[in-house]
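The values are calculated or read from the model by the stated rules, or taken from the named source; none is laboratory data. On a predicted model such as this, the values are computed, not experimentally measured, just so you know. Note that each Cβ is placed from the backbone with ideal geometry, even for glycine, and that neighbours are counted across all protein chains shown. Quick note on the areas: whole protein, heavy atoms, side chains included, nothing else; ligands and nucleic acids left out. Shrake-Rupley method; radii C 1.70, N 1.55, O 1.52, S 1.80 Å.
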Amino acid sequence: MSTFPETFLWGGAVAANQCEGAYLEDGKKLSVPDMLLGGDVNTPRTLLPRQDATAFYPSHEAIDFYHRYKEDIALFAEMGFKCFRLSINWGRIFPDGDDAEPNEAGLAFYDSVFDECRKHGIEPLVTLCHYEIPWNIVTKYGGFSNRKVIDLFVRYATTVMERYKDKVKYWLTFNEINVPMMDMGGIGSLYGLGIMEEEDIQSDHRIPLTELKGNKQRTFEALHNEFVASALTVRAGHEINPDFMIGNMIAHMTNYPLTPDPKDMLACLDVDNMCNNFCGDVQVRGEYPAYMWRYFRNEGIDTSFITEEDKAILKEGTVDMYTFSYYMTNCVTVHEGAEMTGGNMSLGAKNPYLKASDWGWQIDPDGLRYTLDTLAGRYPNTPLMVVENGFGAFDKVEEDGSIHDQYRIDYFRSHIEAMAEALKDGVNLIGYTTWGPIDLVSAGTGQYAKRYGFIYVDRHDDGTGDFSRKKKDSFDWYKKVIASNGEDLD
Ligand code: BG6
């Protein structure tokens with residue numbers, strides 16, 4: 001008998017902006033990712049706050065899922081997917097974010113996508129906002145730092161929940177809502193909250209995302225507004241269809257103390273609380289945790305934006321499931337001179353026991369079991385789901401067209417084994433959607449070359465490629481895993 005429950009939701013996950021392309025088609029207008037140029041492992045992505053006709057924007061065509069979704073969903077079905085996580089691009093439904101009426105062409109597109117999933121017996125899991133804030137919301141309203149954007153988001157969310165109430169049961173509000181806590185004002189605040197300082201919006205040159213200006217007070221206010229928008233959406237969603245399962249989504253970057261020095265342990269606790277636990281606690285428990293009130297006092301953050309009415313909304317809008325992305329773990333230390341992880345986003349100190357991907361992301365399957373067990377202890381009554389996990393790598397197409405991605409199979413095998421261990425520990429884990437079942441544009445670097453898929457897409461960072469799809473070795477391997485409900489991992 002399999003360790004995984006019969007109902008386990010095996011599948012894959014993508015985001016609209018990283019796969020759809022068709023960035024101005026059928027009424028859609030610009031959203032944040034459409035403004036970003038590509039970078040690489042050592043070079044941050046850049047942003048010019050207007051369109052540059054001479055530049056190559058990876059999201060503009062992405063992998064052309066907009067026109068090829070039938071072919072792609074058929075391939076997912078061939079692998080036996082039970083679940084497909086995708087996002088609705090807010091800007092297809094309300095192109096400027098504040099339009100008087102929703103865009104029927106955008107609504108019709110997702111009708112067809114969900115119908116296609118259902119036709120193959122695949123359960124859609126829909127993220128309402130996966131870094132896809134309409135650009136107009138950034139420039140006209142200041143993103144989520146403006147309370148009016150709460151209403152605009154809730155109107156969008158309820159429009160699509162109402163429209164797809166018989167086609168979609170599983171919903172997530174904001175992708176990786178905690179990411180702004182990791183850098184307090186750079187890429188996390190722009191992607192996650194749609195906030196940019198006026199000086200940057202007026203810039204006439206390309207700004208590396210690592211150099212975007214941040215403002216702590218504004219970041220916390222905007223994040224609070226997102227919490228409120230998320231809670232109102234959960235509440236409204238349950239009224240639209242009481243069977244909806246609505247979750248949060250956290251980028252879980254589990255941390256270890258680098259040394260046994262108790263000071264490292266406490267520093268690790270602080271980073272974990274701020275970066276991982278804070279947002280989950282608000283969305284699962286419905287209130288700000290005590291350690292954050294202490295932090296606000298210490299940092300002189302004015303918390304008058306957290307009103308009594310908002311507190312009641314947070315309590316009423318707690319999520320039905322806790323979902324998260326898991327790619328790596330990092331170390332924390334108070335000691336100077338520690339080697340840091342590499343890549344264009346260094347997220348902590350290097351762990352001497354772990355290997356890393358070519359982008360410096362440390363590979364730690366045991367950390368997934370640890371994370372699942374810890375989360376189950378923290379939120380004992382809330383089902384968990386891993387909605388992103390994957391291995392970005394350079395793939396080589398052989399002369400005969402085959403792609404031997406054993407490294408990817410190894411990565412997934414070890415992480416699936418870790419989930420099985422967590423299930424044996426009693427964790428209520430309901431599903432697993434791998435990141436990028438098909439190659440897509442990297443969010444962090446904007447590269448095509450950072451490939452995640454079981455399916456290869458012929459598209460490259462210089463804009464060449466015919467978008468054709470090919471199965472990698474991992475395709476048949478994952479098909480076997482799903483068919484055996486996680487038992488056959490050879
Ligand atoms: C997650 C995001 O952080 O990681 C995805 O939700 C992203 O959008 C994924 O693509 C992998 O990161 P990257 O930078 O390799 O694309």
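Some observations on this one:
- FRET efficiency, 1/(1 + (r/R0)^6) with R0 41 Å, evaluated for Ala290 and Gln51 via beta carbons: 0.35
- Rounded to the nearest 20 debye, dipole of the chain from Cβ charges on Lys, Arg, Asp, Glu: 580 debye
- The range 259-276 - phi-based ³J(HN,Hα) in whole Hz, Karplus 6.51/-1.76/1.60, Gly and Pro as x: 10, x, 4, x, 5, 5, 4, 5, 5, 5, 4, 4, 5, 4, 4, 5, 8, 10
- Three-way shape call for the range 238-323 based on the alpha-carbon gyration tensor, with the a/c threshold at 1.5: oblate
- Placing unit charges on each Cβ (+1 for Lys and Arg, -1 for Asp and Glu) gives the range 9-483 a dipole about its Cα centre, and among Ile137, Pro289, Gln51 the Cα reaching farthest toward its positive end belongs to Pro289.
- Global form of the range 154-234, assessed from the alpha-carbon gyration tensor, a/c cut-off 1.5: prolate
- Fraction of antiparallel bridges per DSSP, the chain only, in percent to nearest 5: 25 percent
- Only Cα sites of the chain enter the Debye sum here, all with the same form factor; the resulting log10 I(q)/I(0) across q = 0.06, 0.13 1/Å is -0.24, -1.33, listed in q order.
- Gyration tensor verdict on the range 1-113 (Cα atoms; rounded if a/c is under 1.5, prolate if a/b is larger than b/c, oblate otherwise): oblate
- Taken along the Cα-to-beta-carbon direction at a fixed 7 Å, the label points for Glu71 and Lys148 span 4.3 nm.
- Probe 1.4 Å, protein heavy atoms only - accessible area per residue of the range 213-281 in square angstrom: 35 Å²
- Pair Lys355, Lys140: separation of 7 Å Cα→Cβ label points (nm): 5.1 nm
- Total formal charge among the other residues, if their Cβ is under 12 angstrom from that of Lys355, Lys/Arg +1 and Asp/Glu -1: -2
- For peptides 329-339, 367-377, sequence by mean Cβ density within 10 Å, most packed first: 367-377, 329-339
- The range 29-71 - Rg (one decimal) and Dmax (whole number), Cα, Å: 12.2, 36
- Cβ-Cβ FRET estimate between Lys216 and Asp373, R0 fixed at 41 Å, reported to 0.05: 0.80
- Cα-based radius of gyration of the range 266-308 once divided by 2.2 N^0.38 Å, which approximates compact folds: 1.17
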